[in-house]
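Here the structure comes first, spelled out in structure tokens, and everything after it is commentary.
The values are calculated or read from the model by the stated rules, or taken from the named source; none is laboratory data. Remember, predicted model here, so these are calculated numbers, not experimental data. Cβ sites come from the backbone with ideal geometry, for glycine too, and all protein chains shown count toward neighbours.
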Amino acid sequence: MSAKSRLLPPAHIPTTLWDRSSETLTLPSALASAYERLIHRLGLHATATTRVKGVGAVGGLSKESADQHLAQAFDGSAARVMLAALDPRTELGPTSDSFIQSTAGASLALTDAPCGAAAAALAFLTVLAELRAKRVLPRLPLDVKFVGGELSPHAIAHAQQLFGELLGELEARAIFVDCQFHVWNVLESLSTADLVKASLLHGSSCTFKLLVIANFNGFLVKDKKQSDAQPQLDELLRYASGEQSLALWIEPEMNRSTGSGGLFSWLLGLLQSKWRLFARSVPGATEDAPGFCSEARFRLPLAPAETSRVKLAVMSIDLTRAGSR
């Protein structure tokens with residue numbers, strides 16, 4: 001896809017989000033400020049600014065692990081979704097267009113699972129708000145029915161606080177978000193049924209459905225949970241499918257995401273077999289490269305003079321059912 005044919009040409013990305021000269025991302029100021037306030041409120045500034053290179057926080061059920069993940073991984077996760085939505089180097093096929101198209105109607109059903117502290121959803125929505133503020137995209141009323149599924153109640157509490165701080169900023173750009181959060185365990189059929197039901201009911205009147213799944217390769221591949229999780233992922237994607245429906249699977253670019261036998265190869269196999277009636281990979285994806293990859297630097301919101309590298313792998317999944325194509 002050429003830069004000129006995109007819905008968001010790279011030349012139109014505002015400098016408040018992307019510095020072309022240094023090729024550096026900057027988190028939307030509203031998101032960075034809300035994140036900084038929460039970090040200080042929780043007394044996590046030292047944790048957030050004393051990271052060990054090559055050692056990442058992985059999250060967990062305890063408050064301590066959820067706090068560490070918020071302090072040390074939230075900004076990178078948000079930057080990864082920014083990179084997917086903006087695609088400033090035009091390396092990600094139709095990914096940026098998919099994000100933009102999902103907001104073209106009057107309403108969007110947005111499901112984020114596992115949502116953690118909602119870095120993915122909040123990055124997407126605040127990037128959209130900034131693009132509207134800079135008049136890159138039209139400021140048309142958009143109702144967003146958001147459902148977050150997450151196993152850690154402490155991570156859910158973080159997400160709720162961040163959404164609470166940002167709802168006013170989003171409304172100022174005509175983005176009206178109605179949030180729900182549900183405890184979700186990808187290994188349990190009952191909690192998956194509850195999440196699916198909530199997503200269907202909450203977004204029943206929406207014109208577009210977007211399912212975001214992010215940062216799951218550690219649990220699924222590293223911890224070898226793919227076979228146990230597959231029935232629940234089957235259900236999640238099957239019920240998210242329909243007209244104007246899309247899933248974006250976003251991961252850090254690493255071997256267990258994009259390598260031979262990695263997460264994306266496993267997903268491509270499901271798309272070609274068990275999921276073929278309700279899901280397919282988007283044009284441009286191949287068996288050798290089932291996802292698109294990119295990387296960039298991003299400014300650390302707690303230390304704007306410093307940058308860190310974010311590496312992205314994204315797989316777009318068209319959830320239009322076979323009979324409707």
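Of note:
- Count - residues of region 13-30 that are assigned to a loop (DSSP other than H, G, I, E, B) and either more than 13 Å from Ala79 (Cβ to Cβ) or over 19 Å from the mean Cα position of the chain (by Cα) (or both): 8
- Residue list for region 263-296, restricted to those being of a type in the set (Asp, Glu) and surrounded by fewer than 16 Cβ atoms within 10 Å (Cβ to Cβ): Glu287, Asp288
- Count of residues meeting criterion [at pLDDT 90 or above and not hydroxyl-bearing (Ser, Thr, Tyr)] in region 260-293: 20
- Residue satisfying condition, being more than 20 Å from Ala34 (Cβ to Cβ), without any contact (Cβ under 8 Å) to a residue 24 or more places away in the chain and either surrounded by fewer than 23 Cβ atoms within 10 Å (Cβ to Cβ) or in contact with a Phe, Trp or Tyr (Cβ under 7 Å, 6 or more places away or on another chain) (or both), within set Arg139, Arg135: Arg135
- From the list Ala198, Ala247, the lone residue that is touching a His at 6+ places or on another chain (Cβ under 6 Å) and under 21 Å from Val144 (Cα atoms) is Ala198.
- Leu237 vs. criteria closer than 19 Å to Thr111 by Cα and touching a Gly at 6+ places or on another chain (Cβ under 8 Å): no
- Taken over region 146-162, residues that are within 15 Å of the chain's Cα centre (by Cα) and of a type outside the set (Gly, Ala, Ser) amount to 3.
- Summed over region 305-324, residues that are surrounded by fewer than 18 Cβ atoms within 10 Å (Cβ to Cβ) and within 17 Å of the chain's Cα centre (by Cα) total 1.
Listed here are the residues, each with its yes/no results for (1) within 28 Å of Asp318 (Cβ to Cβ); (2) surrounded by 18 or more Cβ atoms within 10 Å (Cβ to Cβ); (3) among the charged types (D, E, K, R); (4) touching a residue at least 12 places away in the same chain (Cβ under 8 Å).
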| position | (1), (2), (3), (4) |
| --- | --- |
| His154 | no, yes, no, yes |
| Gln160 | no, no, no, yes |
| Thr192 | yes, yes, no, yes |
| Ser205 | yes, no, no, yes |
| Leu211 | yes, yes, no, yes |
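- Residue within region 236-253 that is without any contact (Cβ under 8 Å) to a residue 60 or more places away in the chain, on the phi < 0 side of the Ramachandran plot and β-branched (Val, Ile, Thr) present: no
- Summed over region 106-120, the residues that are touching a Cys at 6+ places or on another chain (Cβ under 9 Å) and closer than 18 Å to Gly242 by Cα give a count of 5.
- One residue alone among Ser65, Ser33, Ser5 is modelled with pLDDT under 95, part of a helix (DSSP H, G or I) and either surrounded by fewer than 20 Cβ atoms within 10 Å (Cβ to Cβ) or more than 19 Å from the chain's Cα centre (by Cα) (or both), and that residue is Ser65.
- Residue check for Val221: touching a Ser or Thr at 6+ places or on another chain (Cβ under 9 Å) and within 26 Å of Leu61 (Cβ to Cβ): yes
- Consider region 206-225 and keep the residues that are of a type outside the set (A, V, I, L, M, F, W, C) and not in a strand (DSSP E or B). The one that is farthest from Ser281 (Cα to Cα) is Asp223.
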